[in-house]
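The values are calculated or read from the model by the stated rules, or taken from the named source; none is laboratory data. Remember, predicted model here, so these are calculated numbers, not experimental data. In this analysis, Cβ positions are derived from the backbone assuming ideal geometry, glycine residues included, and neighbour counts consider all displayed protein chains. Only protein heavy atoms, including side chains, enter the accessible area calculation; ligands, DNA and RNA are left aside. Shrake-Rupley method; radii C 1.70, N 1.55, O 1.52, S 1.80 Å.
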Amino acid sequence: NILTRFATEFSRVYQRFLDLQKAEAQAREAQIEVALERVRARAMAMHKSEELGEAAELLYEQLRKLGLSDFINCGYVEIDEENNCQYGWMTNSKGKSMEKFNLPLVGEPTLQMRFDAWLRKESVFCQTVGGDELKKHLAFVSPQLGSKEVLEHVKNFFHDPTIFYSGNFSHGYLSYITKSRLSADEEALLARFTQVFEMTYKRFLDLQKAEAQAREAQIEAAL
């Protein structure tokens, strides 16, 4: 009889637990949607293509607010297959945008695997790079980064091992570099931000095209 009474009472407790779980999930989803909407709104507010660096800063800020705090930097990378090159807009460890940098698409194993995953259209690709492999990777990319700020960032903030995430979209990938593996929910979150960024990048391309047309009109007027 005592066990039955306790079971009845625990049934009420468990129902309360389920209600709280549901409320927490709804609150989390609302928080994620607010963050995604901020990224969308920033995309629509862009007036110049160089503002993509500011969008990278916003991405860093929103990911931190959602609890993804154990990362080194994040940003966006454009893939240029024709010129075998990739162009990056990244933040430093403090969330501030660094100047744009260029890297080859391939040339060493880490870059090759990343590019192969993009060609396969994997939504989220994860690489764990450590030891001699990480040293060789950083030795390969460092001379090509150019900027003193970027070189210092590479020198001081990469850990062994380092986890490289790529959220792939049609024109490139969202880059997220961290010290540890993400959970399944966090990987799904990264995929959602990637989908939103695809819209941001299309806005960026439209602005680039408009700037080129305005420049051409300016040249024609001068001629």
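If you go through the stretch 182-204 one residue at a time, how many are part of a helix (DSSP H, G or I) and either of a type in the set (Gly, Ala, Ser) or more than 18 Å from the chain's Cα centre (by Cα) (or both)?
3
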ask   = List, please: which pairs have Cβ atoms under 8 Å, are six or more places apart or on different chains, and start with a residue in the stretch 203-223 that is of a type outside the set (Gly, Ala, Ser) and end with one that is exposed (fewer than 12 other Cβ atoms within 10 Å of the Cβ) and in a loop (DSSP other than H, G, I, E, B)?
value = Leu207/His47
ask   = Among the residues of the stretch 22-44, is there at least one that is touching a helix residue (DSSP H, G or I) at 6+ places or on another chain (Cβ under 6 Å), at pLDDT below 80 and not charged (D, E, K, R)?
value = yes
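Considering each residue of the stretch 40-54, count those that are open to solvent by 10 Å² or more (accessible area, probe 1.4 Å), farther than 14 Å from Lys94 by Cα and either touching a strand residue (DSSP E or B) at 6+ places or on another chain (Cβ under 8 Å) or of a type in the set (A, V, I, L, M) (or both), and give that number. Show your work before the answer.
Looking only at the stretch 40-54, we keep the residues that are open to solvent by 10 Å² or more (accessible area, probe 1.4 Å), and these are 40-42, 44-45, 47-51, 54.
If we keep only those that are farther than 14 Å from Lys94 by Cα as well, we get 40-42, 44-45, 47-51.
Subsequent filtering for residues that are either touching a strand residue (DSSP E or B) at 6+ places or on another chain (Cβ under 8 Å) or of a type in the set (A, V, I, L, M) (or both) retains 41, 44-45.
Qualifying residue count, the stretch 40-54: 3.
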query = Across the stretch 189-217, what is the number of residues that are closer than 12 Å to Ala55 by Cβ and among the β-branched types (Val, Ile, Thr)?
reply = 2
task = Report yes if Phe101 is open to solvent by less than 90 Å² (accessible area, probe 1.4 Å) and not basic (Lys, Arg), otherwise no.
result = yes
inquiry  = Between a residue in the stretch 12-40 that is closer than 24 Å to Gly75 by Cα and in contact (Cβ under 8 Å) with a residue 12 or more places away in the chain and any residue that is surrounded by 10 or more Cβ atoms within 10 Å (Cβ to Cβ) and of a type in the set (Val, Ile, Thr), which pairs come within a Cβ distance under 9 Å, given they are 6 or more apart or on different chains?
reply    = Leu36/Val196; Val39/Val196; Val39/Thr200; Arg40/Val196; Arg40/Thr200
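For (1) part of a helix (DSSP H, G or I); (2) touching a Phe, Trp or Tyr at 6+ places or on another chain (Cβ under 6 Å), each residue gets a yes or a no:
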site	(1), (2)
Arg12	yes, no
Gln15	yes, no
Asp19	yes, no
Gln26	yes, no
Ala41	yes, no
Glu50	yes, no
Glu61	yes, no
Leu68	no, no
Glu78	no, yes
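In this structure, does Gln31 turn out to be more than 26 Å from Glu198 (Cβ to Cβ), surrounded by fewer than 15 Cβ atoms within 10 Å (Cβ to Cβ) and of a type in the set (S, T, N, Q)? Give the derivation first.
Values: more than 26 Å from Glu198 (Cβ to Cβ): no; surrounded by fewer than 15 Cβ atoms within 10 Å (Cβ to Cβ): yes; of a type in the set (S, T, N, Q): yes.
No.
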